[in-house]
Amino acid sequence: MTEQRDPRRLVRTRALRYDTWPELQHAVLTWCRERIAEENPTFDVAALEAQLHGWVSDWAADNDEAYRLLAGFLDHFAEIDKYLETHPLAPEKSVYAAMMAGALASRCEGSDGDFSLSIRERFRCWRLAPDEVRWPLGLSPRARLVSMFENAPQNVLWWGSRTPKVRDLAIIALLAGQWPGAARTQQAEGSGATRPTVKDVVGAEENAIRALLSGRAPKEARTGT
């Protein structure tokens, strides 16, 4: 049986104030998880959180191993290709050069099943996008997350076939541990009556994301929350 969630409870949770930052963080994360479940009860929020934290950890350690290996591979390929091009007689004099030339001249199957291109020709077409293209909004974890998910394929995350709103992106950032600095400061300095609510934290994260997107033409769907 699908658990019936009382939308009034989510509203009450958003309005409460908390004595400590860990309590507020827990309330925010709980609200985010319940907001997702309200829209898609079958969505695996725990798996998403684990993946998000893994990405943020890898970014902090500059540990995108697959990207690093591919970049190194393509650099070595370019070096080998240049060597063979500038030393056309090398394969006749060196068994190692002959092995490299033979490997690069081999035909390989493309995605269309065609063998018209050699490995050399196919690798020459490969280019890794620079960081400013891969991450157009910046290299911070928040900016990378927004870059990844603002145009996510349909039916990959809880919002299904609709375009993600700023609130969806804020929920992703919060689940990944990106806490708006203004809310943290307000919680530390404020009295019980002025400490931020869950609504305040979510709103501050939405504003941080809007600031990232502000330099580009806004999409109509982003105006909603």
> Of the residues that sit in region 192-202 and are out of contact with any strand residue (DSSP E or B) (no Cβ under 7 Å at 6 or more places or on another chain) and surrounded by fewer than 19 Cβ atoms within 10 Å (Cβ to Cβ), which one is modelled with the highest pLDDT?
Replying inline: Lys199
>> Looking only at region 110-124, filter to residues that are of a type outside the set (Val, Ile, Thr) and at pLDDT 75 or above; which one of those is surrounded by the fewest Cβ atoms within 10 Å (Cβ to Cβ)?
In response: Ser116
>> From the list Leu139, Leu174, Leu169, exactly one residue is outside any helix (DSSP H, G or I) and of a type outside the set (Lys, Arg). Which is it?
In response: Leu139
> Tell me, which residue of region 125-158 that is among the basic types (Lys, Arg) and at pLDDT below 85 is farthest from Trp59 (Cα to Cα)?
Replying inline: Arg127
>> Considering only residues that are among the small types (Gly, Ala, Ser) and within 23 Å of Asp200 (Cα to Cα), which ones fall in region 24-80?
In response: Ala27, Ala37
> When both residues are 6+ apart or on different chains and their Cβ atoms are under 7 Å apart, which pairs have a first residue that lies in region 197-211 and is in the same structural domain as Pro141 (by TED's automatic domain parsing), and a second that is of a type in the set (Ser, Thr, Tyr)?
Replying inline: Val198/Thr13; Glu206/Thr225
> Does Gly102 meet the test of being of a type in the set (Gly, Ala, Ser) and in a loop (DSSP other than H, G, I, E, B)?
Replying inline: no
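Conditions (1) farther than 30 Å from Asn155 by Cα; (2) surrounded by fewer than 11 Cβ atoms within 10 Å (Cβ to Cβ); (3) assigned by TED's automatic domain parsing to the domain that holds Gly177; (4) touching a residue at least 12 places away in the same chain (Cβ under 8 Å), marked per residue:
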| position | (1), (2), (3), (4) |
| --- | --- |
| Pro41 | no, no, yes, yes |
| Leu48 | no, no, yes, yes |
| Asp58 | no, no, yes, no |
| Leu70 | no, no, no, yes |
| Phe77 | yes, no, no, yes |
| Ala90 | yes, no, no, no |
| Ala97 | yes, no, no, yes |
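The values are calculated or read from the model by the stated rules, or taken from the named source; none is laboratory data. Note that the structure is a prediction, hence the values are computed from the model and not measured. Cβ coordinates were reconstructed from backbone atoms using ideal geometry, including for glycine residues, and neighbour counts include every protein chain displayed.
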